[in-house]
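The values are calculated or read from the model by the stated rules, or taken from the named source; none is laboratory data. The structure presented is a predicted model; accordingly, all values stated were derived computationally and were not measured. Backbone-built Cβ (ideal geometry, glycine too); neighbour counts: all protein chains shown. Accessible surface is based on the protein model in full, side chains and every heavy atom, while ligands, DNA and RNA are left aside. Shrake-Rupley method; radii C 1.70, N 1.55, O 1.52, S 1.80 Å.
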Amino acid sequence: MSGWQVAREIQRIAPGTPVWMLTGWANEIGESDPRLHYVRGVLAKPLDLERLRLLLHASPGPPAMRPDVSAVH
């Protein structure tokens, strides 16, 4: 199974799950590529660790990890 097939299956099973593709072929993927529908974005190899940190910081965690703001007075 390719990474794109995995991303498609993740979206089928759990729609809206944020998926990022990591590939050495990132520059070959055009902006109109229909496979991009299954991923939040494509990261190029070699991976820029600072960019990864920013993405992880900006991405919400699973619902159980998010603070319950309704409990705050």
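What do you reckon, is R53 at pLDDT 95 or above, among the basic types (K, R) and not in a loop (DSSP other than H, G, I, E, B)? Give the steps one after another, and end with the answer.
On the way: at pLDDT 95 or above: no; among the basic types (K, R): yes; not in a loop (DSSP other than H, G, I, E, B): yes.
The answer is no for R53.
Considering only the range 24-49, how many residues are part of a loop (DSSP other than H, G, I, E, B) and of a type outside the set (A, V, I, L, M, F, W, C)?
From the range 24-49, those part of a loop (DSSP other than H, G, I, E, B) are 24-25, 29-33, 39-40, 45-48; that's our starting set.
Right, trim to of a type outside the set (A, V, I, L, M, F, W, C) and you get 24, 30-33, 40, 45-46, 48.
Result for the range 24-49: 9.
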Considering the range 1-47, residues that are over 16 Å from S59 (Cβ atoms) and among the charged types (D, E, K, R), and then whichever is farthest from the chain's Cα centre (by Cα), we arrive at E28
Residue within the range 23-35 that is touching a Gly at 6+ places or on another chain (Cβ under 9 Å) and either open to solvent by less than 40 Å² (accessible area, probe 1.4 Å) or of a type in the set (K, R) (or both) present:
yes
